[in-house]
Amino acid sequence: MRTSDSRTTGLPLPARDLKGQRHRSVRSGCPHGGGAARQMCESRGPARMELGSSWNAGSVAAVLPAGGSGERLGAARPKQFCTLQGRPLVSHTARALERISWISDIIVVVSLEHIETMKSIIQKYGHKRITVVEGGVTRHRSIFNGLKIFAENKLQKPEVVIIHDAVRPFVEEDILLKVVKAAKDHGAAGAIRPLVSTVIASSADGCLDHSLERARYRASEMPQAFLFDIIYQAYHQCNDYDLDYGTECLHLALKYCKTKAKLIEGSPDLWKVTYKWDLYAAESIIKDNLSQQVCVITDMKEDAVQVGFLLHETLKSHIKQVKGISVSLCKDDNCMQNIILGQCFNFICMHVKKSAFQETQQLVDILENANISTLYPVVLILVHLNVSENTSFSSEMEDLTRIKEFAREVKKKNILVYGLLIHYNKDDPQLQETVNSAATIISALIKDRNPELIGQLLVA
């Protein structure tokens, strides 16, 4: 461990490794050549805002400390590697930053024993622009290791560097842009939130000593952003006590570089996954985000068109955005690419034929080729419109068996298949009621995304 010393402010000094701590990095690429998943990673996401002509490519980078042990979570593995909807938490956070094209490099700092785990995550989920760096024994030492990658000219040094927690997956471009712009103007900036509870101090005997006036204080959140030279200089001058026991990056910029950070009011979704119930809440949010769109693919037979239209309209009261296309358009690569690039992870295939697995397999092939199920599990609901009044029990059992076999096979591709049977008579006065029931079932399947229910044939 290096001894503490005092240095005057100025330009960053050459980087020095901490004694007894190895410092290495692994650079990632994207293993998927082309495909919608790659294009989606390159898109800016819903909160598009331009940095302006004064910002050059490579001027903003990000460091994600991900070396925590997750003791408070109480799980068998660190929280950053716990899975949400089939993907590790750190992968969700990395993708939130990858979607922003003006962030040139993303440094993920992990402990030595998890470097190979992080490399496999990058490979499996097609991450790009990510460099894996070995962390230190504390949060500040890990961040310092991440910054050294730029100072040692292993990557292009950015003008501004974002520091964000790997266990805060719901960061949006809007707040990132605000802290980056504020950092350029003030040298440092960070997101804050109002305090929820009053902060008190206790005396040595365990009694109340004093309390803080809650209205005057704020909770420091992430992301934070800094001019690179300022935060690197602060870490280089930082004494051992601050490196080992400190947790606030903004404080280091103030203490060692006299830089007063601009505080930016953040949104409620900046919270950090800390405890086990946070994992459940995070997964619920991810499921809700994945359930915002559905595409209804309809057979062109008259009966299917009628019910498909009713279902399309009824689903609008359950799901935010409902798109409808015909089977023939489904075979059009450009049409499907546009839907997939619109971040649609839910598809309904409506057929009059008893077994339309050939058409369904074509859709599965399109989804697989687009790599969409690499990002998140895709829900595919096969709706069979039964127009015959004499369907035998054995026939329905045969359909059920085929759906189960098909569902088990495509689950390997991260596609969740469910079956739904609608008994149809165009003169039935309760047709709308049946469609309402079908819409409720479909909405529940999409929002729950339960892999244990795949292959089930439900009846509306």
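Quick notes on this one:
- Surface accessible to a 1.4 Å probe, per residue, for the residues of segment 224-382, Å²: 43 Å²
- Accessible surface of segment 59-209, 1.4 Å probe: 49 percent of it comes from carbon and sulfur atoms.
- Amide H to amide H distances under 5 Å link ILE348 with CYS295, VAL296, ILE297, ILE381, where only residues 5 or more positions off or on other chains count and H is placed in the peptide plane.
- Dipole magnitude for segment 92-150: about 160 debye, using +1 per Lys or Arg Cβ and -1 per Asp or Glu Cβ, origin at the Cα centre.
- Rounded if a/c under 1.5, otherwise prolate or oblate - segment 114-184, Cα gyration tensor axes: oblate
- Charge dipole (debye, nearest 20) of segment 179-250; +1 at Cβ of Lys and Arg, -1 at Cβ of Asp and Glu: 500 debye
- Radius 13 Å from Cβ of LYS413, net charge of other residues (Lys, Arg +1; Asp, Glu -1): 0
- Percentage relative contact order, segment 135-191, counting C-alpha pairs under 8 Å, at least six apart: 19 percent
- Three-way shape label, segment 204-292, alpha-carbon gyration tensor, a/c 1.5: oblate
- Out-of-range pairs (alpha-carbon distance over 31 Å; input LYS119/LYS260; LYS184/LYS272; LYS181/LYS316; LYS181/LYS323): LYS119/LYS260; LYS181/LYS316; LYS181/LYS323
The values are calculated or read from the model by the stated rules, or taken from the named source; none is laboratory data. Since the structure is predicted, the reported quantities are computational estimates derived from the model, not experimental observations. When we count neighbours, we look across all protein chains shown, and the Cβ atoms used for this are built from the backbone with ideal geometry, even at glycine. Just the protein is used for accessible areas: all its heavy atoms, side chains included, with ligands, DNA and RNA removed. Shrake-Rupley method; radii C 1.70, N 1.55, O 1.52, S 1.80 Å.
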